[in-house]
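Some notes on the structure that comes next.
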């Protein structure tokens, strides 16, 4: 439980952090809340040579209103996110889901951006950011660039971040009136990772479902959308039967992993059941 | 022996635990926080494979690393490579393979130890593990118990010629005749999965060879400092009078620290060899593979009854997983259950047999309840299955067969004499708190409406045995130790009290409970009593803490030692007051001449007189103390009725404990708050076995549940608020009427939960679920039952 030797820097500015990171080469890692990275260091699953601690960079903390979007600083702790008035007003799905992440101690240290950059396939917030159409703002030696959530999550624990880039903030478009949300997290104990999770955002119009977005957690190497279900829901009646018919396709085209916590067919079954539940809640049915 | 507690003031009070402030804030000394100047830190090269020949060990890179002092293999240790003894050879022809501290030529489970690294700091010792290169020639893993017994199976210990450790059959009554006289026979195979005890504090040991006159001091996170000293002397040859073993504050044990471990031996022999302190602290990852596991049994259970539900006979056939080696009492764990499979029920015959098997997995040994959770699970599960077969209410079937309160003491078919009990009263109270009839009505509504969430009611009417004793009984079972306990109470010159106990608490609250007993016996305030424990230098005699024995056995020694103090004090007081001792009464710490209230003295004043010794009765020795070693007459048998309301989401298979009521009868309670805490923890741990925990291995013998992210332990967030209550049926084998409570919750709750899960799903055709009843396991059970029903 003792990490291998590494160097540690805590820059005072984002610019210094980027330059420390690019100077550190392939084996340099960003340390945010440390709630995933530190355990990996302690059991020596990861052995970076340099940690660049970004947890205290003021530029990376806080939540602001940016007109048609809210902007969440990458180093904002989960606890702050879930209690933030802007988040609760304009992205309540994030508040609801963040409350299901691990336990209070972890939520006080773990960060929103850290969860996204870590890209654990069982992570809840990547799926939610995908469903909400989030835009990731990255800073690197050549300046900033913006990557859509749909392009950000690449593979197991892999994102579009280059080794010398830091996730600065996440723009979450405000969804207007008429939208309902839910996240169904299926796990065995309160602190455990999701075996499967389903995020749903549904816009109702005149008793029908005008538009639906359904995101799946842990059904693949990275979060995905249940495309067949989404199309089946678009224009469907907002009732139990229509939702059930659409949810029956939630696992179409998925090829989830079989592991200690669930075999693939159980994951697919759960994806269908949880999609039905999440969409019903989101659609107010 | 009769109690002399005349004016009960402290026994029975829910006093806050004296020890909690330091334990909860960590302002205390754990083994890992002991700093020894010049200490070497030990890390261990462990086998990454389940079974292999060691073809070479190259330690040169590690030896060249900074701060590394030495690396030892079995070859380097030579004669110092001690063997771990098994002290419970349960049969005459038991196979007991050698268990060397460092593996010799062959490793037999993931985590087996190949080499020990010593460095001047912990980080260097950890780094140096990567510098020891071991080459393995892989041998077949042996995992499945039945396959291991088949002809031609790969062998864990090739020299033994078999994977069978022992086999035994103990018939009680004529089972064949009982079965022939029955109308109904129900049989089930239950699997007691392997469990990983996971105390909050992992193990740790520190050894200093710097004691006076060559004494070696061993600090260990152990439950058994006294037994450990004997076992360390036995295994290393270091004379016991040169060993002092100290268990500082210990963060939980659950049986996993009732052990002699190779790391303790290594730290001792290396400190002795090098003349420097040696320290080792287990990582959580090591704990999962290196600290013994619990359970691991296949239970084939058959019960026979008349059509009216009168039990005739029970047949139990166990196959028990020993793991790769025998730890100190590994073979005896199934036997601790052997006496209890009949539970609280009367029957004509009970046939028990057990076959113990070696596998290439971590050794098994005691885990909270040790044998009794397994037996209680089997009988309480099969009673529910029998009730279903007979179309009877599960409690109705139990009532027909349990020992009634007028029948105690009752000698069971297994040959034990249950001292006391009142199953009727505990059950009646539990039903009242539970709302049984209302929940049955809700269950029916949910069934009728085909609700996604079904409700089940799980029943467990359990008993268990506390206080492994008397010693001669243990001898008859081939257990190589006694079952007595020791206590010394010293009233110091200024009236403060030292109570020296041979029990060794690791979370149980002995400092508070023992103070309450002693305070009442010798009449001093609870806060004036200091409890000295867990140090063979300060508390030289003891048999330590396990098997719910501390109060059941140790409590008797406290009482008797206190009585001796009062007897001596009374003689001194009478002498001082020039009165006849028979004319004195002792109330609330004061000796008074009966009928003459002006003439009195206190026990504290007497203690000072005993210290100055200026005016003692002729021939009396100075100082005021009393010592007692008690070997109890028999076990005691707490019992209780636990009822669980379980909701099962039939779409996802997730089982949730909605309501849990337990009424425990542990006899007279010394501190009801501690009793309740023990019940809470035990129930949670039993729910852990039922729903969450299980050590999973792959076919190659790799432990898959090797972290706490994969081996899931429930937390408070996963559990309901338990509703606890008690009935009090005093024990007749204990002068205070107390029984024991350390394991009751863990013993009782597992079958209550699984009975509830099965009850929720029985109308769907489900007759059993495997443990842990994970959502996936339950969902697959439902799917299989429904496809079976359709077929």
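Read the figures in this text as sums done on the coordinates, not as results from a lab. No experiment lies behind these values; they were computed from the predicted model shown. Positions of Cβ are generated from backbone atoms using ideal geometry, with glycine treated the same way; all protein chains shown enter the neighbour counts.
At a glance:
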read-out	value
Inter-centroid distance (Cα atoms) of region B:705-756 relative to region B:360-387, Å	14
Inter-probe distance in nm under a simple model that places probes 7 Å from Cα toward Cβ, at residue B:612 and residue A:234	10.1
Evaluated at q = 0.14, 0.21, 0.22 Å⁻¹: base-10 log I(q)/I(0), Debye formula over Cα of region B:626-732	-0.76, -1.14, -1.19
Percentage, to the nearest whole number, of Cα pairs in region B:201-271 over 14 Å apart	52
Gained length - residue B:91 relative to residue B:424, 0.36 nm times residue gap less alpha-carbon distance	116.0 nm
Sorted largest first, extent of the protein assembly as shown alpha carbons per principal axis (Å)	100, 75, 72
Span from the region B:440-500 Cα centroid across to the region A:140-212 one, whole angstrom	49
Cα pair distances of region B:526-645 binned at 10 Å [whole percent]	11, 33, 27, 19, 8, 3, 1
Exposure proxy order (Cβ contacts within 10 Å, fewest to most) of B:627, B:385, B:374, B:146	B:146, B:627, B:385, B:374
Distance from region B:33-99 to region B:104-170 (C-alpha centre basis), Å	12
Shape category assigned to region B:542-589 from the gyration tensor of Cα positions, a/c cut at 1.5	prolate
Ranked list, fewest to most other Cβ atoms within 10 Å of each Cβ, for B:65, B:200, B:383	B:200, B:65, B:383
Average projected area [Cα convex hull, chain A], square nanometres	14.4
Neighbour-count order for B:338, A:40, fewest beta carbons within 10 angstrom listed first	A:40, B:338
14 Å reach of a label modelled at residue B:699, 7 Å along Cα-to-Cβ, counting backbone N of region B:142-176	B:142-144
Zone of residue B:433's modelled label, taken as backbone nitrogen in region B:717-745 under 18 Å from a point 7 Å along Cα→Cβ	B:719-730, B:739-745
Label point distance in nm, residue A:65-residue B:471, each placed 7 Å from Cα along Cα→Cβ	8.1
Estimated FRET transfer efficiency (residue B:158, residue A:5; beta-carbon r; R0 45 Å; 0.05)	0.60
Three-way shape call for chain B based on the alpha-carbon gyration tensor, with the a/c threshold at 1.5	oblate
Relative contact order of chain B, defined on C-alpha pairs under 8 angstrom at six or more residues apart (%)	16
Pair residue B:787, residue A:227: separation of 7 Å Cα→Cβ label points (nm)	3.0
Region B:30-96 - Kirkwood radius from inverse mean 1/r over Cα pairs (Å)	16.2
FRET E, pair residue B:130, residue B:716, Förster distance 56 Å, beta-carbon r, rounded to 0.05	0.90
Förster-model FRET efficiency, 60 Å R0, residue B:623 and residue B:55, C-beta, rounded to 0.05	0.40
Cα gyration tensor, region A:180-283 - rounded (a/c under 1.5), prolate or oblate	prolate
Computed over chain A: relative contact order in percent, which uses C-alpha pairs under 8 Å that are six or more apart	15
Region A:36-86: relative contact order in percent, alpha carbon pairs under 8 Å with at least 6 residues between	25
